[in-house]
Amino acid sequence: MCLILFAIRPDDRYRLVLAANRDEFYERPSAPAAFWPDAPDIWGGRDLQAGGTWFGVTRSGRLALVSNVREPKRLPEPGPSRGLLVRDFLRSETDAAGWLTDVLADSGRRSGFNLIVGEGDHLFYGSNRRQGVVPVRDGLYGLSNAGLDTPWPKVRRGKKGLAGLLRRRLAGEELAAGLFALLGDRTPAADDELPDTGVGLAMERALSPVFICAGQYGTRSSTVLLLEATGRLLVVERRFGPDGRITGESRESFRIS
């Protein structure tokens, strides 16, 4: 994922509200979100090049997402794909904090990553470019290709939009529709708001919107997850082509065990 917006226990109806965009090169093959034939409890898309995934959730409520850390001046590490971390957590039975602690202690062979893992609304954040495992408390958060809540324009815009939707007390399909509209915002940031991450001004502009359409690279999918206080979970993945048009949608609803 390249933008993750989420709120933990924002009101008495929801334990977790999450909205995220996956940005990737269109030539990289991937499978639509579904329950995996080789791991029937896991729902998510799959990277058909390296075998991992960017997002997944299990029937028990185990959840994981990954985003890259943007560091263009640093050569990519030759280690395993970062998406394998999501897959491995979802297949594991180790508690989230312990699992993430072990991963961060042995992550030198991987390029920079951010991970959010947990069970239900008990989430933890970690990065191999920062120290330690961080429990994520009740509140509203944003994550892109820097540390948690780093105030890049898309993170600020996304958090503001999510807060506005939650104030309206939307629920169910109405809330999901609002989240997809938020994730579809193609407004670029003003030049004086752009971070300097070392990719040049033109690329900073192209990567600044919540939803990216940048030729061979862009927002491939948007995912919305709603976990109610009752344990009922709704998760929807919406996919897009290079022109930004919808090419398909997957959805699933179940009560976490």
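Pairs of Cα atoms in segment 1-146 fall into 5 Å distance bins, from 0 up to the last occupied one, in shares of 2, 9, 20, 24, 22, 15, 6, 2, 0, 0 percent.
Set against the 2.2 N^0.38 Å expectation for a compact globular protein, segment 3-255 has a Cα radius of gyration ratio of 0.94.
Spin-label model, Arg91 to Arg28: label points 7 Å out along the Cα-to-beta-carbon direction sit 1.9 nm apart.
With a/c under 1.5 counting as rounded, go ahead and sort segment 53-123 into rounded, prolate or oblate using the C-alpha gyration tensor (a ≥ b ≥ c being the square roots of the eigenvalues; past the cut-off, prolate if a/b is larger than b/c, else oblate).
On the way: a/c = 2.25, a/b = 1.90, b/c = 1.19.
Prolate.
Around the Cα centre of the chain, unit charges on the Cβ atoms of Lys, Arg, Asp and Glu (plus for the first two, minus for the last two) sum to a dipole of about 280 debye.
Tell me which of Ala177, Val236, Leu16 sits at the most positive position along the dipole axis of segment 3-255, charges placed on C-beta atoms (Lys, Arg +1; Asp, Glu -1). So the residue furthest toward the plus end is Ala177.
Can you tell me the length gained on complete extension of the stretch Asp38 to Ser257, counting 0.36 nm per residue apart and subtracting the Cα distance? Could you put the intermediate results ahead of the total?
Numbers: separation 219, 0.36 × 219 = 78.84 nm, distance 1.99 nm.
Contour length minus Cα-Cα distance gives 76.9 nm.
Can you give the local net charge around Lys160? Use residues other than it whose beta-carbon is closer than 15 angstrom to its beta-carbon, Lys and Arg +1, Asp and Glu -1. Before the final figure, lay out each step's value.
Working: positive: Lys154, Arg156, Arg157, Lys159, Arg167, Arg168; negative: Asp149, Asp185, Glu193.
Surrounding charge for Lys160 is +3.
Report the FRET efficiency, 1/(1 + (r/R0)^6), for Gln216 and Asp192, where r is their Cβ-Cβ distance and R0 is 25 Å, rounded to 0.05. Between Gln216 and Asp192 the formula returns 0.35.
Every number in this text was worked out from the coordinates using simple rules, so none of it is lab data. Note that this is a predicted model, so its numbers are computed, not measured. Here the Cβ is made from the backbone with ideal geometry for all residues, glycine too, and neighbour counts use every protein chain on show.
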